[in-house]
């Protein structure tokens, strides 16, 4: 039996409850016992943070599991890197990026080294493609917060019709992945 992989994708802001932690712990433990050894995490969301804590707690009893952060260039630059201490080349910044704590490995696919906000969608798709299982925190009624744009661009509020989690969930369905939605 080969190594199996699971990714975690969920809304940026969620209510973390004891029930959610219990549900996640049961699901992750079941997957570990089913042969999942690789756990892929996005970053910068409440859901990913709680999933990392759950997997890290289970790692004590299951040292064979691996926690892998999937990051984008945009994220590594925003993690308090003192950019002025390096020359202006992207390669220089890339070679000196800050590494995330709590993970066994960190991966930034080449595709995600350049780009903006859309790289989060691409990152989620890469994680889904690599996974046998996808654990989601997906509320179909969730809509991203409205963000006000500067007058330079628009004079009114805009919002995306879909959240990044919704886009990822629909992608996982199309790819026929085994989906576990812990929101329900």
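The values are calculated or read from the model by the stated rules, or taken from the named source; none is laboratory data. Remember, it's a predicted structure, so these values are computed and weren't measured experimentally. Neighbour counts are summed over all protein chains in view; Cβ atoms, including those assigned to glycine, are modelled from backbone coordinates with ideal geometry.
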**Request:** Scan the stretch 1-48 for residues that are over 26 Å from residue 119 (Cα atoms), at pLDDT below 95 and touching a strand residue (DSSP E or B) at 6+ places or on another chain (Cβ under 9 Å) and report the count.
**Result:** 1
**Considering residues of the stretch 152-184 that are modelled with pLDDT under 60 and part of a strand (DSSP E or B) only, the residue nearest to residue 126 (Cα to Cα)** = 158
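Table: residues versus (1) surrounded by fewer than 16 Cβ atoms within 10 Å (Cβ to Cβ); (2) in contact with a helix residue (DSSP H, G or I) (Cβ under 7 Å, 6 or more places away or on another chain).
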site	(1), (2)
13	yes, yes
17	yes, no
22	yes, no
48	no, no
51	no, yes
59	no, no
**Prompt:** Filter the stretch 91-110 for residues that are modelled with pLDDT under 75 and part of a helix (DSSP H, G or I); which is nearest to residue 7 (Cα to Cα)?
**Reply:** 94
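Looking at the stretch 1-17 only, could you name the residues that are closer than 22 Å to residue 165 by Cβ and either free of Cβ contacts under 8 Å to residues at least 40 places away in the same chain or part of a loop (DSSP other than H, G, I, E, B) (or both)?
Of all residues in the stretch 1-17, those closer than 22 Å to residue 165 by Cβ come to 5-17.
Of everything in the stretch 1-17, those that are closer than 22 Å to residue 165 by Cβ and either free of Cβ contacts under 8 Å to residues at least 40 places away in the same chain or part of a loop (DSSP other than H, G, I, E, B) (or both) turn out to be 11, 12, 13, 14, 15, 16, 17.
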